[in-house]
Amino acid sequence: MSTVDYTRELSVLEAKPALRELDDLISKPIETKPNKKFYIALSITLSMLSLLVIGLGLTFYFGIGMWGNNNPVGWAFDIVNFVFWVGIGHAGTLISAILFLFRQKWRTGIARFAEGMTIFAVMTAGLFPLIHLGRPWLAGYLFPYPSQNSIWVNFTSPLLWDVFAVSTYFTVSLIFWYVGLVPDFATLREKTNHKFKKIIYSVFSLGWRFSNRHWQNYEMVYLILAGFATPLVLSVHTIVSFDFAVSIIPGWHTTIFPPYFVAGAVFSGFAMVQNVLIIVRKIFNYEHIITLDTLEKMNKVILLTGSMVGYGYAMEFFIAWYSGVEAEQFTFLNRALGPYAWAFWIMISCNVLLPQLFWIKKNRRTIPVMFAIAVFINVGMWFERFVIIVTSLSRDFLPSSWAYYKPTLVDGMILIGSFGFFFTWILLFVKALPVVSMAEVKAVVDGAQPSHKEL
Amino acid sequence: MSSSSVEYYRKELPSKVQTIGLVLLLVGLVIIILGYIVNPARSAQNNIIGFTFVVSIAVGSLFFVAIEYLSGAVWSTPFRRVGEFLSSLIVILPFLAIPLLLNINSVFHWTHPKPADKILIGKAPYLNVQFFIFRVIVFWLIWLVFYYFITKNSRKQDQTKDQFLTTANVKLSAIFMPLFALTITFTAIDWLMSLAPHWFSTIFGVYYFSGTVLAALAAGTIFIVLLNERGYFVEEIHTDSYYSLGALLFAFTNFWAYIAFSQFLLIWYANLPEETLWFLDRWNGNWKFFSIGLLLVHFLIPYIGLLSQPSKSNPKRLVVMASVLLFAHYYDLYWLVMPNFYKDGIVFGWIELGFPILIAGLVISVFVYKSKKVNLVPIGDPKLKRGIDFRL
């Protein structure tokens, strides 16, 4: 076993790169023409995206009868996908805002990408409530405004709170992301010789001149935005959990839902960030910026949040028994042993059992192992939402109305298509903007901080 | 750059502190003994508050020690001994539990369920006296073992300066974390939730956890700031280190409010009689005002007091807010326990004073006792120098 030297701070980056080198390396994908591989990847995601277009076209033309939703199971793939994608977005804000408040410098290499991912994930998630309306052209009614008919939205419904929470979250995330990008736009502006690009970068860099005063204001704004984003990110998945927990459906109405949903969201989001960054760092040669140490720390967060989710499952089961409420006890036995037991055990093995492999240091530092575990975690987290939503609805208080839910082909197309939508945005992002924050990474190079002086 | 460059001179606490601690301890003890003679049931109810409060400080402090090792934090290293000293309260927990266990029938009515009460009889496999006592002992042993080994390694490092001891403690802390989560949860369910044995809430363990960490952090903050202002640590510790304490107090204040509100809103909204009864007990008569007071003292006052950036590193503000939060945790436990027994309104008399006085005396005496035997600064810790040099 290698011994750790605790007397000195570990470097965030490997091999102490020169500052100029970092700029060149990070802006390289933006300054060069995309290669063949990029177009192959893009054609795959666009093909998936076209499935979404077809699925939505069928849905809008024929109505949501094209989906598998039936009488007791009125919420199924649509809401499962919504919760899944909102959850994916959470890791971005955790990394960019909460880890920033906790002064975790290792976040610098991954924060920009994670924030971008948040925005695309929330956009993907936002599709689902709209299409779930059945008549998406009436979506404007979700916003409260004094209409001629004096019809107001239902302010006591958590579904409406979702509209506020998600739209606020999206706005603040976008601003936070953009503020972080301003110094990098200025760097790109200085680097480029292309006339048209220069104009674009100049506009977006808001006249940034790298002056001391700019940096001071920038850091204050960044801190304040991080302070805003932190309660917002908690509120979003909390309110998503309220969608279920304020009802009296057994398996939905449980007080631990808010923190347990937030932990689950961070869990799946980290798994997604880890997956995509493993590919990005390999293709763009960022291995010394997004280091193995950083990935190991991400895997520790995955282990922590995965265990929190496991705690949530265990508590639900224990209290269902302890409560003495027959309907609760039935619901949980039905999850584990009923017709959807297969989904339940996929969830347990992917979310609770597999991540425990991260207790072993070697697994946390072996790329193929961590990649595979994170893929399974995202499968498991999708199934978690499926288990919660579908099992509780398919068998509730009235046995005569029990029914089994089966997704249709259109459901599947929309699910796959949502991945196409998300990854198309990701691909455009990695080609159009710096995936790693040049300004922040330069600040964590060894020797850049006053506390490094004695090295 | 080894930690040997840190100069630390041991400074004894004034003997006055020890006297105050002992006097409080004795006064508290006398009140409690008288209380048990006059009104055993009510004393036992207060005993639950006292016991869970000391668990919060003791086990919560051990949690912070473990978190420091796990996260690799350095700003808190110069102060870590405060957490270690406070966690030594784990050793005396049985003395607080025994009088209660002798009066178990007068506080937990699940010990003698009515034959017609099917729900309580259904819970008997979990809620029975033997298993309850078994859990109390097992949880205590778990805390004791981790307390013993983690602090032992830390003390040993004062002499040997061996970095491997830090690695060993990191591993111990990792194993402690899941056990901590489970023991604190079931302590909350056993001692606090089962007072209303028909009531249930899945978030309850997290609720007690949020109060536990806040109380431990508040107690630690009071000691750290008061001692550092008088130069008991290393001289050059900068007030930047206070900022982290203030920020954590602020964060956990919000966390408590978030958990408390989640529990309240979901139960209020669903409006199921088997769940709302618990909150209704806390809204009857003048308990209403007590409940509103909880919101003030546990959230609004510390929230406003610690919101601004300068206030998080202001030593006076920190001591005041930490004291408010420490009081708030006792208040919270009182709110959790007493309305189960006194449905008509708030009760407060001399019996209620016994445990707070005893605990204040206990915490001071244990701290003084420990500080005579162990360095207040972990002088052999490899992270110490970095902790002293810490700047925001």
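Please determine, by comparing only the residues of the stretch B:218-240 that are of a type outside the set (A, V, I, L, M, F, W, C) and buried (at least 23 other Cβ atoms within 10 Å of the Cβ), which one is nearest to the chain's Cα centre (by Cα). This residue is B:GLY220. Within the stretch A:11-51, the set of residues being polar (S, T, N, Q) and over 25 Å from A:LYS191 (Cβ atoms) comprises A:SER11, A:SER43, A:THR45, A:SER47, A:SER50. Please verify whether the stretch A:334-352 includes one or more residues that are of a type in the set (A, V, I, L, M, F, W, C), under 15 Å from A:PHE267 (Cα atoms), open to solvent by 20 Å² or more (accessible area, probe 1.4 Å) and within 14 Å of chain B (Cβ to nearest Cβ). Yes: the stretch A:334-352 contains one or more residues that are of a type in the set (A, V, I, L, M, F, W, C), under 15 Å from A:PHE267 (Cα atoms), open to solvent by 20 Å² or more (accessible area, probe 1.4 Å) and within 14 Å of chain B (Cβ to nearest Cβ). For the stretch A:122-137, give me each residue that is in a helix (DSSP H, G or I) and modelled with pLDDT under 85. Correct list: empty.
Look at A:LEU415 and say whether it is among the hydrophobic types (A, V, I, L, M, F, W, C), within 30 Å of A:LEU52 (Cα to Cα) and free of Cβ contacts under 8 Å to residues at least 24 places away in the same chain. When the stated conditions are applied, A:LEU415 does not pass them. Could you check, for the stretch B:121-141, whether at least one of its residues is over 29 Å from A:MET308 (Cβ atoms), open to solvent by 50 Å² or more (accessible area, probe 1.4 Å) and within 10 Å of another protein chain (Cβ to nearest Cβ)? There is at least one residue in the stretch B:121-141 that is over 29 Å from A:MET308 (Cβ atoms), open to solvent by 50 Å² or more (accessible area, probe 1.4 Å) and within 10 Å of another protein chain (Cβ to nearest Cβ). Which members of the stretch B:228-250 meet the condition of being in contact with a Ser or Thr (Cβ under 6 Å, 6 or more places away or on another chain) and either over 28 Å from B:ILE301 (Cβ atoms) or β-branched (Val, Ile, Thr) (or both)? If the condition is that a residue be in contact with a Ser or Thr (Cβ under 6 Å, 6 or more places away or on another chain) and either over 28 Å from B:ILE301 (Cβ atoms) or β-branched (Val, Ile, Thr) (or both), then B:THR239 is the only one that fits.
Counting just the residues of the stretch B:241-261 that are of a type outside the set (Gly, Ala, Ser) and open to solvent by less than 20 Å² (accessible area, probe 1.4 Å), which one comes out nearest to B:SER323 (Cα to Cα)? By that ranking, first place goes to B:LEU249.
Yes/no per residue for (1) crowded, with 16+ Cβ neighbours inside 10 Å; (2) closer than 30 Å to A:PHE102 by Cβ:
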residue: B:SER313; (1), (2): yes, yes
residue: B:MET321; (1), (2): yes, yes
residue: B:TYR334; (1), (2): yes, no
residue: B:MET338; (1), (2): yes, no
residue: B:GLU352; (1), (2): yes, no
residue: B:GLY361; (1), (2): yes, no
residue: B:VAL368; (1), (2): yes, no
residue: B:LYS372; (1), (2): no, no
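Scan the stretch A:316-330 and give yes if some residue there is within 18 Å of the chain's Cα centre (by Cα), in a helix (DSSP H, G or I) and within 14 Å of chain B (Cβ to nearest Cβ), otherwise no. No, every residue in the stretch A:316-330 fails to be within 18 Å of the chain's Cα centre (by Cα), in a helix (DSSP H, G or I) and within 14 Å of chain B (Cβ to nearest Cβ).
B:ILE379 meets all of the listed conditions (1) in a helix (DSSP H, G or I); (2) over 30 Å from B:PHE290 (Cβ atoms) but one, namely (1). Restricting attention to the stretch B:274-286 and to residues that are within 17 Å of B:MET193 (Cα to Cα) and loosely packed, with under 15 Cβ neighbours inside 10 Å, the residue that is nearest to the other protein chains (Cβ to nearest Cβ) turns out to be B:GLU274. Tell me, which helices (runs of 4 or more DSSP H) lie completely within the stretch B:113-194 with 2 or more residues that are polar (S, T, N, Q)? Result: B:129-160, B:163-187. Counting just the residues of the stretch A:238-260 that are without any contact (Cβ under 8 Å) to a residue 24 or more places away in the chain and assigned to a loop (DSSP other than H, G, I, E, B), which one comes out farthest from the other protein chains (Cβ to nearest Cβ)? So, considering only residues that are without any contact (Cβ under 8 Å) to a residue 24 or more places away in the chain and assigned to a loop (DSSP other than H, G, I, E, B), the one farthest from the other protein chains (Cβ to nearest Cβ) is A:SER247. Of all the criteria given as (1) farther than 29 Å from A:TRP85 by Cα; (2) away from chain B (no Cβ under 12 Å), the one not satisfied by A:GLY264 is (1).
Residue by residue, here is whether (1) closer than 18 Å to B:LEU325 by Cβ; (2) in a helix (DSSP H, G or I); (3) open to solvent by 10 Å² or more (accessible area, probe 1.4 Å) holds:
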| residue | (1), (2), (3) |
| --- | --- |
| B:SER210 | yes, yes, no |
| B:ALA216 | yes, yes, no |
| B:LEU266 | no, yes, no |
| B:LYS288 | no, yes, yes |
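For B:PHE390, the conditions (1) within 14 Å of chain A (Cβ to nearest Cβ); (2) not in a loop (DSSP other than H, G, I, E, B) are fulfilled apart from (2). For the residues A:ALA114, A:ALA121, A:ALA97, A:ALA91, the requirement of being among the small types (Gly, Ala, Ser), closer than 20 Å to A:MET413 by Cα and touching a helix residue (DSSP H, G or I) at 6+ places or on another chain (Cβ under 6 Å) singles out A:ALA121. Checking A:GLY180, A:GLY207 one by one, the residue that is open to solvent by less than 90 Å² (accessible area, probe 1.4 Å) and part of a helix (DSSP H, G or I) is A:GLY180 and no other. For the stretch B:307-365, how many residues are over 28 Å from B:SER106 (Cβ atoms) and either in contact with a strand residue (DSSP E or B) (Cβ under 7 Å, 6 or more places away or on another chain) or not in a helix (DSSP H, G or I) (or both)? Selection size over the stretch B:307-365: 4.
Annotation: of all residues in the stretch B:86-115 being more than 27 Å from B:GLY60 (Cα to Cα) and either in contact with a strand residue (DSSP E or B) (Cβ under 8 Å, 6 or more places away or on another chain) or more than 14 Å from chain A (Cβ to nearest Cβ) (or both), the one that is surrounded by the fewest Cβ atoms within 10 Å (Cβ to Cβ) is B:PRO115. Looking at the stretch B:163-183 only, could you name the residues that are β-branched (Val, Ile, Thr) and away from chain A (no Cβ under 11 Å)? B:THR183, the sole residue that qualifies. So, in the stretch A:10-32, of the ones that are buried (at least 18 other Cβ atoms within 10 Å of the Cβ) and within 14 Å of chain B (Cβ to nearest Cβ), which residue ends up nearest to B:LYS161 (Cα to Cα)? Per the criteria, the residue is A:SER11. A single member of A:ILE110, A:ILE175, A:ILE95, A:ILE119 is open to solvent by 30 Å² or more (accessible area, probe 1.4 Å), part of a helix (DSSP H, G or I) and under 27 Å from A:ASP24 (Cα atoms), and it is A:ILE175.
All of B:ILE292, B:ILE304 fail the test of being more than 13 Å from chain A (Cβ to nearest Cβ), open to solvent by 20 Å² or more (accessible area, probe 1.4 Å), within 30 Å of B:VAL74 (Cα to Cα) and in a helix (DSSP H, G or I), apart from B:ILE304. Only one entry of A:PHE383, A:PHE397, A:PHE376 meets the criterion of being out of contact with any Leu (no Cβ under 9 Å at 6 or more places or on another chain), of a type outside the set (A, V, I, L, M) and closer than 30 Å to A:LYS300 by Cβ, and that entry is A:PHE383.
Would you check if B:ILE92 is among the aliphatic types (A, V, I, L, M) and in contact (Cβ under 8 Å) with a residue 24 or more places away in the chain? Yes; evaluated as a whole, the condition is true for this residue. Of the residues making up the stretch A:216-227, those that are within 13 Å of another protein chain (Cβ to nearest Cβ) and over 15 Å from A:THR118 (Cα atoms) number 5.
The values are calculated or read from the model by the stated rules, or taken from the named source; none is laboratory data. Please read all numbers here as calculations on a predicted model, not as lab measurements. Virtual Cβ from ideal backbone geometry, glycine too; neighbours counted across all protein chains shown. The protein model used for the area step is the full one, side chains on, heavy atoms only, and it has no ligands, DNA or RNA in it. Shrake-Rupley method; radii C 1.70, N 1.55, O 1.52, S 1.80 Å.
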